[in-house]
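Engineer: Mind having a look at this structure? Questions to follow.
The values are calculated or read from the model by the stated rules, or taken from the named source; none is laboratory data. Remember, it's a predicted structure, so these values are computed and weren't measured experimentally. Cβ coordinates were reconstructed from backbone atoms using ideal geometry, including for glycine residues, and neighbour counts include every protein chain displayed.
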Amino acid sequence: MMAEDSVARILRLAKEHDVKFVRLWFTDILGFLKSSEITLRELRDALESGKGFDGSSVEGLARLEESDLIAKPDLTTFALMPWSTDGGKVARLFCDLYETDGRPHMGDPRGALKRVLARAAAMGYRFNVGPELEYFYFRSAKGTPEVVDEGGYFDLTPKDVASDLRRETALLLEDMGIGVECVHHEVAPSQHEIDLRYDDALAIADHIMTLRLAVKEVALRHGLYATFMPKPLFGQNGSGMHLHMSLSKDGRNAFFDPNDRYHLSKVAYQFTAGILRHVCEFTAITNQWVNSYKRLVPGYEAPVYISWGQRNRSALVRVPRYKEGRESATRIEFRAPDPACNPYLALAVILAAGLRGIERGYEIPSPVDDNIYEMQPEVQEARGIGSLPGNLYAAILLAEKSDLVRDALGDHLFQKFIANKKIEWEQYRIHVTQFELDRYLSIL
């Protein structure tokens, strides 16, 4: 009955708002948004039965001989698109992917996150996430990146000429039912940030995909280009996607303990310990591009060292103190991911690591309150502070050996992802860069 009511509600809304097309969305293995548009006439059938498509043409989904797949809309994700096409108003629905016999397709990134969330739910937990996405505005996507402002952290006009773009994007997201907490200029020239309100992890992954499209759409309207590339400018901060996270149980924050020094519970410590212990294994998922590792270097506010602390922004995991002692605000902030990852896969492996910490009762190491960037290597070693992988290939090798990553993604996604990343690394490895030509051509 509930599904029937949802179908009727969506059909009513589509008719009331004179929707002409509905976009059915899902992602490929790398997190690129895929879309099929249907007319209003086809909407009821798609809502009730899904829409077939050729999965062999989408990266990481199906082999040629297993190509037929069904995209079934998640009826809770219907939203009107605030921007319209020349053909009329448009709405969108996120979809889950299925085999033609009704089984969930194991190459669906959204399905991978739902499986890990189901494990958490079986333990009584709900996974809550609030992401902060950084990105750049440039004049064009071609040639050397040309910034549109020289602003810095929290700068306002006249330096920050993109403030109107940020506000316009936030309003578009709010119109789609996506809560925006704040928007502001970031540290690097032409770098900006949008923070989303806390929500269930599956909704947040959908919101991240929508945000990335909205940011680019607004930039395009103004003749600019927006990019979530982790490190587009040499010598400047890269773009991260800090994730504020907690678990709730029976309607209460499972990370909160009023009697603890940091107001963190045993569950919170074990969850954090799981992330710290397994982070190197899943870094290839949360930082999946060759360029991701140009950001993960000391000195640019990016977390490189495997540690945790309260005020320490050089730590991998931070315990924010904005509303210290309040149950609703108690959380951890995981600072490694970048905004160009596949959010479904990233949240799946992060949650899997945290749950393993809880299941196996991991002990968390001592917090680090010193600036790790300024520590000598021997001091870091003595204090047991390790580092994230230094490049994509090193991260791939660690992920390939990880039973945690394999379990979180499933064999299909795991094998396809590793194979894809090895190809990317090989293409990068044999490419002759401008740096090499400038440095070696005239002297060798």
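To keep it simple, each residue is scored yes or no on (1) within 29 Å of E426 (Cα to Cα); (2) under 23 Å from the mean Cα position of the chain (by Cα); (3) β-branched (V, I, T).
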site: A226; (1), (2), (3): yes, yes, no
site: K231; (1), (2), (3): yes, yes, no
site: G235; (1), (2), (3): yes, no, no
site: L243; (1), (2), (3): no, yes, no
site: V279; (1), (2), (3): yes, yes, yes
site: T283; (1), (2), (3): yes, yes, yes
site: T286; (1), (2), (3): yes, yes, yes
site: P298; (1), (2), (3): yes, yes, no
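Engineer: Going by the conditions given, is C280 assigned to a loop (DSSP other than H, G, I, E, B), on the phi < 0 side of the Ramachandran plot, at pLDDT 95 or above and not small (G, A, S)? Give the steps one after another, and end with the answer.
Structural biologist: Working: assigned to a loop (DSSP other than H, G, I, E, B): no; on the phi < 0 side of the Ramachandran plot: yes; at pLDDT 95 or above: yes; not small (G, A, S): yes.
The answer is no for C280.
Engineer: Tell me yes or no: at least one residue of segment 373-385 is modelled with pLDDT of 95 or more, surrounded by 15 or more Cβ atoms within 10 Å (Cβ to Cβ) and in contact with a helix residue (DSSP H, G or I) (Cβ under 7 Å, 6 or more places away or on another chain). Can you show your working first?
Structural biologist: So the first thing to find is which residues in segment 373-385 are modelled with pLDDT of 95 or more, and the list is none.
Scanning segment 373-385, I find no residue that is modelled with pLDDT of 95 or more, surrounded by 15 or more Cβ atoms within 10 Å (Cβ to Cβ) and in contact with a helix residue (DSSP H, G or I) (Cβ under 7 Å, 6 or more places away or on another chain), so the answer is no.
Engineer: OK, next. Select, from L398, L413, L404, L351, the only residue that is surrounded by 21 or more Cβ atoms within 10 Å (Cβ to Cβ) and closer than 18 Å to H278 by Cα. Full working, then the answer.
Structural biologist: Numbers: L398 fails: surrounded by 21 or more Cβ atoms within 10 Å (Cβ to Cβ); L413 fails: closer than 18 Å to H278 by Cα; L404 fails: surrounded by 21 or more Cβ atoms within 10 Å (Cβ to Cβ).
None of the other options fit; the residue is L351.
Engineer: I've got another one for you. Which count do you get for residues in segment 183-202 that are part of a helix (DSSP H, G or I) and without any contact (Cβ under 8 Å) to a residue 40 or more places away in the chain? Please lay out each step first, then the result.
Structural biologist: Keep residues of segment 183-202 that are part of a helix (DSSP H, G or I), which gives 201-202.
Next, only the ones that are without any contact (Cβ under 8 Å) to a residue 40 or more places away in the chain stay: none.
The qualifying residues number 0.
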